[in-house]
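To start, the structure itself, in structure tokens.
What follows is calculated from the coordinates using simple rules that are stated; it is not laboratory data. All figures in this text were calculated on a predicted structure; none of them were measured in a lab. Positions of Cβ are generated from backbone atoms using ideal geometry, with glycine treated the same way; all protein chains shown enter the neighbour counts.
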């Protein structure tokens, strides 16, 4: 994850520095470089994992690029590029723009609410606060859980139910989700300890508590869901995972009502850092409660995708 966070930021910086320090000397070259760079930044903004720096970072980079383009356009006299190097830049940024455009088209489709099966509407699973979607949507590019829908991957068959899962982290008003890039203390993350609420009326079918909260980025592969609850909500089975050790307040067989506190967000199980995992599914087969058919979900009346932000009052 750290490599991804640094890599996507490096791309933004490189594109900005390139046009600020070494702009094309022709109008056509300048416009094509600016256009390709902007499309690339927009694709990064929509597909990237903007945990650090904040979600607004790529949009700030776009503003810098637009201002630099306007500034250089006022001082550019040639219309067409001249020379091999100049035309190579035209080809490079045209290719970048075309590739980013194709990616944005794929992302547009991945952002659409599925029509089959119909999405399950759930109540808020979190107490008041600001939240950022880390995984969500209809494509592997923006939702890592989609990999579990590939039945040819044997280790993931027992976890097929989380194919439409959503992962949420808390953020501050300025968009920060933790103190630093990847602090090792889970308490440094804004979502750690936030109350987890029942998103529906139902019966607790499975409850796991007692697994330790990991120090990021430690990943417990032996217990992917960590501390969690599985609720029979009548219309679907709903799972809330990676709960804080010792925080779960319910037991198997308990009846819960919408909005009831179930526990708190932690960092137990297969997770890189504290977050809440929630998904809905059809009942799983005996011995594999997470292997039911996955169902899309609506939270706060929205089909959430990576990068979406929600404020719960």
Based on the alpha carbons, how large is the Rg to Rh ratio for the range 145-304 when Rh follows Kirkwood? 0.95
Quickly work out the residue 20-to-residue 59 label distance, labels modelled 7 Å from Cα along the C-beta direction, and quote it in nm with one decimal. 2.0 nm
Sorted largest first, the Cα spans of the chain on the principal axes come out in Å as 76, 38, 34
On a 0 to 90 degree scale, rounded to 10, what angle separates helix 27-47 from the longest Cα axis of the chain? 10 degrees
Cα atoms only, the range 1-114: Rg and Dmax in Å? 15.0, 50
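Please give the contour-minus-distance gain from residue 282 to residue 104: 0.36 nm per residue of separation, less the Cα-Cα distance, rounded to one decimal in nm. Each step should come with its number before you reach the end.
Working: separation 178, 0.36 × 178 = 64.08 nm, distance 3.15 nm.
That pair, residue 282 and residue 104, stretches by 60.9 nm at full extension.
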Highest-first arrangement of 170-183, 197-210, where packing means the average Cβ count within 10 Å: 197-210, 170-183
Once both label points are put 7 Å beyond Cα along the C-beta direction, the residue 147-residue 116 separation in nm becomes 2.9 nm
Sorted on mean Cβ neighbours within 10 Å (highest first), peptides 240-249, 221-230 come out as 240-249, 221-230
What does the C-alpha gyration tensor say about the overall shape of the range 246-312? Classify as rounded when a/c is under 1.5, otherwise prolate if a/b is larger than b/c, or oblate. rounded
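What's the extension gain from residue 179 to residue 3 if we count 0.36 nm per residue and subtract their Cα-Cα distance? Kindly include the intermediate steps, with their values, before the conclusion.
Values: separation 176, 0.36 × 176 = 63.36 nm, distance 1.79 nm.
So the chain would gain 61.6 nm between residue 179 and residue 3.
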Cα centroid separation - the range 95-159 against the range 169-248, whole Å: 19 Å
Full-extension gain between residue 85 and residue 73, please, as 0.36 nm times their residue separation minus the C-alpha to C-alpha distance. 2.4 nm
Mean projection area, nm², convex hull over Cα of the range 50-98: 4.8 nm²
Let's test the formula: R0 of 45 Å, r as the Cβ-Cβ distance of residue 272 and residue 31. What FRET efficiency results, to the nearest 0.05? 0.65
